[in-house]
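The values are calculated or read from the model by the stated rules, or taken from the named source; none is laboratory data. All figures in this text were calculated on a predicted structure; none of them were measured in a lab. Cβ atoms come from the backbone with ideal geometry, glycine included; neighbour counts cover every protein chain shown.
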Amino acid sequence: MASLVFILVVVIDLFLLASSRLGAAIRTVAIQGALLGTLPILLLEERHSLGHALVLAVGALAIKGFLIPWLMFRAIREAAIRREMEPIVGFVPSMVLGGIGIALAFAFSARLPLPNGLSHAYLVPTALSTVWAGLLLVVSRRKAVNQVLGFLVLENGVYVFGLLIADFMPIMVEAGVLLDLFAAVFVMGIVMFHINREFSSLDTEKLSALKD
Amino acid sequence: MLLRTLFHLAALLALPPLVVGLVNRTKAVVAGRKGPPLLQAYFDLAKLLRKGAVYSRTTSWVFRAGPVVGLAAIASAGLLLAMGGAPALVSFGGDFVLFAYLLGLARFVTALAALDTGSPFEGMGAAREVTFASLAEPALFLCLLVLARATGTLSLSGMLGPALPGAWGEAAPALVLAAIGLFVVALAENSRIPVDDPNTHLELTMIHEVMVLDHGGPDLAFILYGASLKLFLFGAILSRLVLGHAGGGLASEALFFLGILLFAVGVGLVESVMARFRMVRVPQLLVGASVISAFALVLLLR
Amino acid sequence: MTIALVLGGIALPLASGLAAVALARRPAAAQAAACLLLCAGAALAIAASVAVLLTGEAAVSVRLALRLDAVSAIFLLAISLVSGLGAIYGTRYHSQAEHGAAAVRLQIFYGLAVGGMALLVAASNAIVFLVGWEVMALANFFLVLTEHEKREVQGAAFLYLASTHVGTLALFAVFALLRHAAGSFDFAAMEGVRAGGVLGARVFALALLGFGLKAGLMPLHYWLPPAHAAAPSHVSALMSGVVVKTGIYGILRVTGFFDAPPQWWGVVLLAAGGTSAVLGVAFALAQHDVKRLLAYHTVENVGIIALGAGLALLGRARGAPALVLLGFAGAGLHVVNHAVFKSLLFYGAGVIQHATGTREMDRLGGLARRLPVTAALFTVGAAAISGLPPLNGFASEWLVYLGFLEALRSPAGDLVAFAAVGAPVLALVGGLAAACFAKVVGVVFLGNARTAEAERAHEAPRAMLAPMAVLALACAAIGLAPAALLPPLARAAAAWSRSDPRLLAAPALRAGTSASLVSLVALALLLLAAALWAWRRRHLAAAGRAAPVDTWGCGFTAPTARIQYTSSSFAELLLGRFSWAVRPRGHAVRLEGPFPAAATFHTSVPDPVLDLALVPIARAYGWIASRMRVLYLQRLIQFQMLLILATLVAVLAWGFVW
């Protein structure tokens, strides 16, 4: 069951790399966040506390699955944009690069020296793939909204890594991660509002017009 | 055993137009219409086979050879197909390569016949068809490689045989992804939405339909039957992949034909629910299918 | 006895040119005599090759340092077949009666090239090998220069000469290193050299450079398209069909010396092969000159052969005899197959050029009605090169696929990874090749004639059609009966890897039974097609066929030949996928005013290695050199003395310090 969730997370990464419709992309990131929310419960073993896992799961579901997508939808409603035109790295090369990264992650992650909290064979590769996909999105997309989505995906990947050492990490640090995420999206929302107000578009390439 | 093979051969020859009928009926039901009779495709074929032929001045023997060689190639590919868990009529290691290349031969001669008419519409259709087919080939091979690796055999009869249902135990995620990839390839190779619209009347938006625009009479009958046969071949592979039954015998056969029925309904649903992609998006779709199948293969590497 | 045949196969072609000179006053007889001599030599060589392949025993002559083993026999077979048919083709294509002294020169150098190639594949000594190699290379240079009045021919020939000499230099280094390790120039002494360490790496790298330049592996392919397009068609057939294969022969021979080649050799060859295959066919799609397109397809097919050779090397490194057999058999069979269908296609291109005077595809069209036999034979060649069953291209590509599938089944993860990348790449290449040749056949032969030259085309004379027919028959025969060819290929694989033939027997038997079933399906295909054709013919005779009409133009009432798809438009959608490598440059003219004057639009595709790397580097080097020269010449004599002194001091210091 957990394997299927991990595979689905990776497939969502690939879908995001190919998607040009902003609404669909935001909804997909929300789904990915919700899926990741179920993971602490699925990976639960006897020595962990159920309450701890439940809090983590509910927190992730609420923030990643509902709150942040809601903020994003508000941002794009203000800017009235619907699509990403051809990004800096085209859709097909993004997919191919993402695929290569995923293949390498799955093939070689067994050799990484990691602490023995390894609860599932697919955990580390999924985390690496999601981080890689997030980085690709941040680097190659033109619209600020897509870059924020890339950052969200990156955080999702870091979250999966965090599950690796969930028994060692106290709840405070996990809450800190989620709060950091929330704050970053909030700040980005403000920035996007200002970019849009200045240029009537969310194309970040227009920012270079600001320099002299 | 021989009886079973003969039964499969008869099913292979007789059922494909029914599959097309099922797809059309599904689309009609979803659209709220009554739709044509299920056996309409048979009536169409019979009507076309009775007609004579008109050929254009521009065409040569290539135009007349196209439908004949195309149908012969697809039918020969059918000889390699394993149905219902039983081995195919002809099977050997590496036969799926021959299978894919026979379908490629059919496409090649159809494209040549299209270019023979000297019309820009057929040229356009041929150009698009060969482009999308070239991009679909790696995806098809990757899906079949996933099957080969999961079952440990190299022939279609082995990959679709008794080993496949057993392989779901440990290779389930990979096989799911391979099924998705194979479904996308099936849509692309059979010119279905979202790659091509089989019902459009505008030549500029056609791909497969416009390639065969000038064929009529028995030639068109060969082409329509060949297309339905190709759809049946892909449906058979997907049916066995998704609904495979470990034991042999009647249950496995019944599930196999049920799977083809579900495949036809599935294609009809996809065609009713989605719109056709812009031409630029189709390569992205096919590359996406390749990447997903490659990911499935990576999962089986461990 | 067999070795005498081999000697005849070398000597007679070398001498054939002299017949053309001796009887120069009666050109028809002269050319016939030269052709006869060359064909006689080719026949002797074919007989020798077949004998060696059937028995598995090598033909040796110690005194002349010749040795024809099963590996050499495959290549000698291809060389003799193509050269003999080319000579027959040349009697009408480039007849001495029409071209006089140029034809005499061509026949001399053709004979020299063929003799040189036969010498080098039969050599068992590095010196003899290099002699044959140089004779072949220089003869090819003069062959390319046949129409030396044209500028593009001069440029292409010079590029070829420079590249082949760089390659030969690398080969000198290779054999010097091997002699140092083995103690003698004999190949027999070089067998069993240890591959570990620096020696093996250097030999492999230099061999890849030298032989890869001749074979046309990317990125060393840049000289191929200009040279093969500039030469006369039967010379292009010889060059594409067999001369580049001598590069493959060299790689196989040199890697065959080592007992345990390391794994990275196979991987490098696989990577080079895959790149050549994909990029070769992508660049071929962008061409609109028939012969340049065929030359890029040669790059693609050399890539496929390299894939097979890489698999075989990988098999030797990992001790997998099945991989060795399948990889080598695929590569070896593809060598012969490519020689056959590429020559067929080049002969067809020659007929087209002969009939219409142009090689530009967009100026042709509708030639199937004027040249029916050529069109049919060319289509067979096009289907063969696309790897479509039931022809020979499928047989050899299928063997390479079997090699990849064998790697897929192994428990080792990295072999599975090679298969997982290699098989889809090969599938992509096959699909693209079929697309490209649908374009060629469709634009050149089908539809309507686009220009007056195409309308006036005439069918080729029988002397040009007969070799094409023989080659087409060979395509069909090899394609329908590949199982018969597996035992000789297995013998050659055993000879190359110097392993026990019994180890390779089991995989060969399995592949053989599968190949017989491939033939069965191919026969079923032909029977079905024939049955359908017969049924339709009878039915239309009864049901009646209406008079021919014009093609439906969707209500457009004034169709012309120019509304048809051109080669560039056909390939445009596909080339969009490869825009990262193939960057066409368009030279357009802006149309101004309500009644613009006549304008032209022209696209060309620069070769990345040649036009974007080598030419700018050469230009930069030339600029630096001219600046240095000015610096040098404008000064006083004392400055020049100072330069000489400085160089002397530097050399002495280097000698002392190092």
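Here are the numbers:
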{"read-out": "Sole exception among (1) touching a Lys or Arg at 6+ places or on another chain (Cβ under 7 Å); (2) in contact (Cβ under 8 Å) with a residue 60 or more places away in the chain; (3) within 10 Å of chain B (Cβ to nearest Cβ) for C:L408, by number", "value": "(2)"}
{"read-out": "Selected residue [without any contact (Cβ under 8 Å) to a residue 60 or more places away in the chain and touching a helix residue (DSSP H, G or I) at 6+ places or on another chain (Cβ under 6 Å)] from C:A449, C:A483", "value": "C:A483"}
{"read-out": "Test result for C:T551, among the β-branched types (V, I, T) and over 40 Å from the mean Cα position of the chain (by Cα)", "value": "no"}
{"read-out": "Failed condition for C:A543, given (1) over 29 Å from C:A286 (Cβ atoms); (2) under 43 Å from the mean Cα position of the chain (by Cα); (3) not β-branched (V, I, T)", "value": "(2)"}
{"read-out": "Members of segment B:250-302 that are within 14 Å of another protein chain (Cβ to nearest Cβ), surrounded by fewer than 20 Cβ atoms within 10 Å (Cβ to Cβ) and farther than 20 Å from B:A188 by Cα", "value": "B:L301, B:R302"}
{"read-out": "Residue within segment C:523-537 that is touching a strand residue (DSSP E or B) at 6+ places or on another chain (Cβ under 9 Å), within 8 Å of chain B (Cβ to nearest Cβ) and over 22 Å from C:T358 (Cβ atoms) present", "value": "yes"}
{"read-out": "Number of the condition not met by B:E170 [criteria: (1) of a type outside the set (S, T, Y); (2) part of a helix (DSSP H, G or I); (3) within 28 Å of B:V20 (Cβ to Cβ)]", "value": "(3)"}
{"read-out": "Residues of segment B:148-157 satisfying the condition of being under 17 Å from B:M83 (Cα atoms) and within 11 Å of chain C (Cβ to nearest Cβ)", "value": "B:A148, B:T151, B:T153, B:L154, B:S155"}
{"read-out": "From C:L520, C:L473, C:L426, residue being within 10 Å of chain B (Cβ to nearest Cβ), without any contact (Cβ under 8 Å) to a residue 40 or more places away in the chain and part of a helix (DSSP H, G or I)", "value": "C:L520"}
{"read-out": "Top-ranked residue in segment C:577-597 [being exposed (fewer than 10 other Cβ atoms within 10 Å of the Cβ), closer than 24 Å to C:E360 by Cα and among the small types (G, A, S); ranked as farthest from the other protein chains (Cβ to nearest Cβ)]", "value": "C:A597"}
{"read-out": "Single residue of C:T600, C:T551 found to be within 10 Å of chain B (Cβ to nearest Cβ) and not acidic (D, E)", "value": "C:T551"}
{"read-out": "Count - residues of segment C:183-199 that are touching a residue at least 60 places away in the same chain (Cβ under 8 Å) and in a helix (DSSP H, G or I)", "value": "3"}
{"read-out": "Considering residues of segment B:31-60 that are facing another protein chain (nearest Cβ under 8 Å) and of a type in the set (A, V, I, L, M, F, W, C) only, the residue farthest from C:Q564 (Cα to Cα)", "value": "B:L49"}
{"read-out": "Selection count, segment B:101-134, where residues are facing chain C (nearest Cβ under 7 Å) and on the phi < 0 side of the Ramachandran plot", "value": "22"}
{"read-out": "A:V89 vs. criteria modelled with pLDDT of 85 or more and either outside any helix (DSSP H, G or I) or buried (at least 17 other Cβ atoms within 10 Å of the Cβ) (or both)", "value": "no"}
{"read-out": "Segment C:504-551 - residue that is modelled with pLDDT under 90 and in contact with a Ser or Thr (Cβ under 9 Å, 6 or more places away or on another chain) and, of those, farthest from B:D214 (Cα to Cα)", "value": "C:L504"}
{"read-out": "Residue check for B:A10: touching a Leu at 6+ places or on another chain (Cβ under 6 Å) and either surrounded by fewer than 22 Cβ atoms within 10 Å (Cβ to Cβ) or under 15 Å from B:L224 (Cβ atoms) (or both)", "value": "no"}
{"read-out": "Restricting segment A:125-149 to residues that are at pLDDT 85 or above and surrounded by fewer than 21 Cβ atoms within 10 Å (Cβ to Cβ), the residue that is farthest from A:R197 (Cα to Cα)", "value": "A:L135"}
{"read-out": "Single residue of B:T26, B:T5 found to be at pLDDT below 90 and polar (S, T, N, Q)", "value": "B:T5"}
{"read-out": "Condition check for B:L38: more than 28 Å from C:A438 (Cβ to Cβ) and free of Cβ contacts under 8 Å to residues at least 12 places away in the same chain", "value": "no"}
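Okay, residues lined up against (1) farther than 21 Å from C:A4 by Cα; (2) in contact (Cβ under 8 Å) with a residue 24 or more places away in the chain:
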site	(1), (2)
C:V71	no, yes
C:L76	no, yes
C:L85	yes, yes
C:A101	yes, no
C:R105	yes, yes
